[in-house]
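The values are calculated or read from the model by the stated rules, or taken from the named source; none is laboratory data. Everything numeric here is computed off the predicted structure, so don't read it as measured data. Please note: Cβ atoms are built from the backbone with ideal geometry, for glycine as well, and neighbour counts cover all protein chains shown.
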Amino acid sequence: MPSSRMPFTRRPAIALAAVLAAPLLALTGFSGSDDRATGGSPSASSPVGAATAGSSTQQSPAGSVTVDPTPAPSPTDLPVIATKSAHDGDTPLQVSLNEVRASGRLMTVTWSVRNDGQNPWTVGGFFWSAIFHKSLGDPLPTEVNGNVDGVYVLDAVSARRYLPARDKAGNCVCTSPTNGLMVAPGTQAALQAVFQAPPAQVATVDVVLPHVGTYAAVPVTRT
């Protein structure tokens, strides 16, 4: 069964430890507003039902925020909230949602994917939104090298959909590159994406991963 993901140019494999140090970029004026969308293209948080996963991701500035570069945790150190089965072609995968953590104005979603197949599997564009922030002819570095910006968060309390934050250049603040992220059979890789945090009264959210599905009523850990 052929894969449904968009093709990427395969890059030479890089050390897994280096990729798991998913850069949480230093942001100044990043995109990731939690304002309700009011017509036109959806913002980084759109009313639920107003946009689909393939919609435009035009976003509004959210002010000046700095995120210190922090390595992604090792998959073996992570809690597991829920696990879903998925396939990429003939490769069976187990995708676990590990944590949704809000700190101040930012929220980080962490998940891990285990290769249950017989051959090495590359993350590539499996979790990509298949949307170019600028255009197909002018891709951003994280789009050329692969990223996981297809993940989004639903806040039923505020009726909003949160898309991953972007830096000033438009790059997704999420794990990248993924084109060279090779997962050996029986091993797993941790992935992350940063969002604007929902309001303090929001205790749970739904997390949606491309090709995997929805993890419902996920507790938001606040620090």
**Study point:** Yes/no for ARG114 being surrounded by 23 or more Cβ atoms within 10 Å (Cβ to Cβ), of a type in the set (D, E, K, R) and over 13 Å from the mean Cα position of the chain (by Cα)
**Key:** no
Practice item. Kindly provide the set of residues from the stretch 103-113 that are out of contact with any Ser or Thr (no Cβ under 7 Å at 6 or more places or on another chain) and not polar (S, T, N, Q), ordered by number. Key: GLY104, ARG105, LEU106, MET107, VAL109, VAL113
Point to revise | Any hit, the stretch 112-125, residues being touching a Pro at 6+ places or on another chain (Cβ under 7 Å), under 24 Å from GLN196 (Cα atoms) and outside any loop (DSSP other than H, G, I, E, B) | key: yes
Review point. What residue, of VAL148, VAL153, is at pLDDT 95 or above and part of a loop (DSSP other than H, G, I, E, B)?
Key: VAL148
